[in-house]
Each structure stands twice: as C-alpha cells, then as structure tokens.
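Just so it is clear, none of the values below were taken in a lab; they were calculated from the coordinates. Computed from a prediction, not measured in an experiment: that's the story for all the values here. Here Cβ is always computed from backbone atoms with ideal geometry, including for glycine, and neighbour counts include all displayed protein chains.
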Amino acid sequence: MKKALITGISGQDGSYLTEFLLKKGYEVHGIVRRSSTVVRSRLDFISPEVNRQNLFLHYGDLSDGSSLFKLVNRIKPDEVYNLGAQSHVRISFDIPLYTADVDGLGTLRLLDAIRDSHSQAKFYQASSSEMFGLVQTTPQNESTPFHPRSPYACAKVFAHYQTINYRESHGLFACCGILFNHESPRRGENFVTRKICKGVAEIKSGKRQKITLGNLDARRDWGYAPEYVEAMWLMLQQQTADDYVIATGETHSVKEFVEAAFAYVGLNWQEHVEFDQKYTRPAEVDLLQGDYSKAKQKLGWEPKVKFKDLLAIMMEAELTGEPVSRL
Ligand code: NAP
Ligand code: GDD
C-alpha cells in the first residue's frame with residue numbers, strides 16, 4: 001500500500017486529493033493545524049464509499065520545521081503533496097510576512113525535512129498561475145516568464161524555484177504543478193466564484209438583496225478542482241520529475257461569471273451587484289489563460305469541465321445545499 005503525506009489536507013484541493021488517493025488504495029496522512037474549533041468540514045464531504053480507515057491526521061504546521069521533519073521521518077511517505085498555504089491573494093497584502101513564511105519558507109522547510117530524513121518520497125509543489133502576474137505572453141505556458149504581483153505570488157515563485165533547486169541539486173523527484181484557478185462547491189467562501197454562487201442562491205431564496213464585489217474586469221482561466229488533483233497525482237507517476245501547466249485554455253471575466261450566475265436563476269445581475277473598493281487589490285492580475293499542451297502530451301491529462309459546466313455544478317450545489325463532487 002502506497003503512503004501519501006498531504007499538507008493542506010483540510011483545504012479544497014486537499015479534500016479532493018484525499019478522496020482520489022483513498023479510492024486508489026493509498027494510505028493517506030494529512031497535516032492539520034491546531035485551531036480553537038475543530039473544523040474539517042471538507043473532509044466530511046468525502047464519499048461514503050471511500051475507506052476512511054486509511055486516513056490519518058497529524059498536528060503540524062508549515063511554519064514549524066521540526067513537526068515536518070518528525071512527520072516525514074515517522075510516516076515514511078512515498079509521495080508528499082505540498083498544498084498547504086495562506087492561499088488568498090488579496091489577504092496576502094494584509095499579512096505579507098506570514099504569507100511569505102508559510103507559502104515560501106514553509107515549502108523550503110518541507111523540502112529540507114525530506115532531504116534531511118533521506119526520504120525517497122516524490123514531492124509535489126502547488127505552484128500557481130498567479131506567478132505569471134503581469135503576463136508577458138498569452139496564453140501562458142511553462143516557458144512564460146514570471147512577474148508576480150502580490151506577496152502571495154512572490155512567495156509562490158520562491159517556493160517554485162526552491163523545489164526546482166532541490167530537484168537539480170539534491171536529486172529529489174520534485175514536480176511543480178502551475179495550476180490555474182480551479183473551483184468547486186468546496187471552494188473557500190471568500191474566493192470570487194464561490195462568493196458569487198453563494199450570494200446568487202441567497203438572493204434567489206430571498207435571504208438577501210445584494211452582493212458586493214471588487215474588480216469585475218479581471219479575466220481568469222477557471223477549471224474544476226477534482227480534475228486538477230488527478231493531474232497532481234499523474235505528475236508523480238512519470239519516469240522523470242518535471243513542471244506542468246494545468247488549465248482549461250479558456251479565459252472569462254469576473255463580469256461574465258456574475259452575469260451567467262444570475263442568468264442561471266433568471267435574475268438580472270445589474271439589480272443586485274454593488275462595488276466596494278475593499279475587494280480590489282493594490283496590484284491586479286488582469287488576464288490569465290493557460291496553455292496545457294505539455295500536460296496533454298506527457299500526462300495524457302485534459303480538462304472536461306469548462307466554464308458553463310463549472311458554473312452549473314457550483315450553482316446546483318448552492319441551490320440544493322449539496323456540496324457534491326461529480327467525479
Ligand atoms: P485552500 O482551500 O485555501 O486550503 C489551504 C490549506 O492550507 C488548508 O488546509 C489550510 O488549513 C492549510 N494551511 C494554511 N496555513 C497553513 C500552515 N501554516 N501550515 C499548514 N497548513 C496550512 O487552498 P486550495 O484552493 O485547496 O489550494 C491548495 C494549494 O494550491 C494552495 O497552496 C494554493 O496556494 C495552491 N493553488 C490553488 C489554486 C486554486 O485555484 N485553488 C491555484 C493554484 C495554486 P486550514 O484549513 O487550517 O486553514
Ligand atoms: N476574492 C474576491 N472577492 N475576488 C474578487 C472580488 C471579490 O469580492 N471581486 C472581484 N474579484 C476578482 C479579483 O480581483 C481577481 O481578479 C478575481 O476576482 C479572482 O479572485 P479570487 O477568486 O480571489 O482568486 P485569485 O485569482 O486571486 O487567486 C486564486 O487563484 C490563484 C491561481 O491563479 C487563489 O486560489 C490562489 O491561491 C491561486 O494561486
């Protein structure tokens with residue numbers, strides 16, 4: 001039985017990856033942070049068909065190198081997925097040092113824990129399309145230069161190059177997945193797609209009248225999270241370690257998402273959307289559109305769920321109250 005260790009197991013991607021690996025027969029170990037209330041709601045959504053007896057949670061933190069070292073040593077994982085992060089871009093402007101510590105140095109601590117414990121574990125790093133920032137070419141692929149525009153993106157660039165450096169200097173089987181935005185009913189409520197879908201469902205049911213948003217002109221390449229976690233796993237099953245862009249190849253504005261979500265329930269968005277400066281960022285990433293041809297060619301990976309289907313999955317989950325996965 002293969003063993004996987006996941007940081008960020010309680011997050012959107014962590015919960016889908018856990019479900020995916022348990023279905024494949026893995027023993028899954030996850031690192032969780034101590035908090036005053038024990039909330040693991042995303043792990044509660046895991047399909048009842050999956051054998052939860054092979055799931056183990058351990059306290060640890062990316063800011064605590066000693067906990068990482070001990071866990072890698074004790075568990076002896078075959079694969080390590082580093083998904084843990086302060087992942088909110090706008091909030092990274094409020095807490096830049098914390099974000100750099102967890103997302104940047106945290107990755108280095110984990111890489112060093114693997115190296116120090118002489119582990120042969122394969123390593124996956126959750127890199128981000130935010131690293132392209134002020135984009136130099138469109139669409140963006142593995143060769144597109146980075147121009148990060150937030151403390152979050154700067155930390156992710158640091159972690160990305162540390163991962164490549166451990167591969168090149170110390171021979172770690174380490175891969176970076178440069179994932180474009182991916183969403184689901186399990187998305188955090190303060191990311192724009194989930195915020196819109198939840199708000200629209202509440203307006204439709206009469207619970208509220210308005211939602212307040214920031215920049216509607218930004219364009220994103222939005223995919224479906226359960227498909228993206230499969231790409232993470234595929235990267236670690238190859239003969240050689242490499243880096244891959246994972247995306248849909250489509251780009252849509254926030255305004256298009258808003259219009260489509262309100263139209264889904266037969267409402268006119270202009271009557272229900274307000275602007276608030278507080279949801280804008282000091283520097284914005286205006287346009288993201290990924291070129292996933294390398295992943296298609298080498299991993300045989302392709303997205304099936306695109307903009308319209310993604311919106312329908314998320315709206316249905318909000319309207320019915322069922323945070324279902326469709327894989
Ligand atoms: P998410 O839902 O925000 O989950 C983040 C996870 O990291 C949570 O489990 C969180 O734990 C954990 N975490 C936060 N601080 C930590 C710390 N100090 N030590 C250990 N764990 C910590 O994020 P996601 O959407 O699943 O994304 C997964 C990863 O992919 C992140 O690294 C993100 O930056 C990256 N990424 C995401 C996207 C996307 O569109 N979703 C695209 C590209 C890259 P709590 O539950 O305790 O908060
Ligand atoms: N969150 C949020 N809230 N974003 C808003 C709002 C709002 O009220 N109004 C407009 N937006 C715009 C943001 O300015 C941004 O241009 C876009 O909606 C998407 O914002 P988010 O959903 O917060 O995602 P993100 O693109 O900043 O970051 C996500 O994707 C990255 C990959 O490109 C996160 O998941 C990152 O962790 C990930 O790396």
Once normalised by the length of the chain, the mean sequence separation of its alpha carbon contacts under 8 Å that are 6 or more apart gives a contact order in percent of 17 percent
Efficiency of FRET from Cβ geometry, LEU216 and ARG74, R₀ 35 Å, rounded to 0.05: 0.15
15 Å Cα-Cα reach of LYS298 towards aspartates and glutamates, excluding residues that sit fewer than 8 places from it in its own chain: GLU142, GLU230, ASP242, ASP243
Please list, in order along the range 236-243, the HN-Hα scalar couplings obtained from phi with the Karplus expression 6.51 cos²θ - 1.76 cosθ + 1.60 (θ = phi - 60°), rounded to whole Hz, x for Gly and Pro. 7, 9, 7, 5, 10, 7, 7, 10
Set the Förster distance to 41 Å, then compute FRET efficiency between ARG33 and ALA263 from the Cβ-Cβ distance, nearest 0.05. 0.55
Distance histogram in 5 Å bins (all Cα pairs of the range 239-327, percent per bin): 2, 10, 15, 16, 18, 17, 11, 6, 3, 1, 0
If R0 is 35 Å, what FRET efficiency do you get for TYR59 and GLU230 from their C-beta distance, rounded to 0.05? 0.80
May I ask you to derive the relative contact order of the range 214-327, considering only C-alpha pairs under 8 Å and at least 6 residues apart, and to give it as an integer percent? 41 percent
Under 5 Å, built H, 5+ apart or other chain: amide partners of LEU287: VAL135, ARG219
Mind scanning LYS255/LYS308; LYS3/LYS24; LYS195/LYS278; LYS156/LYS308; LYS3/LYS122; LYS207/LYS308 and naming the pairs with a C-alpha gap bigger than 18 Å? LYS156/LYS308; LYS207/LYS308
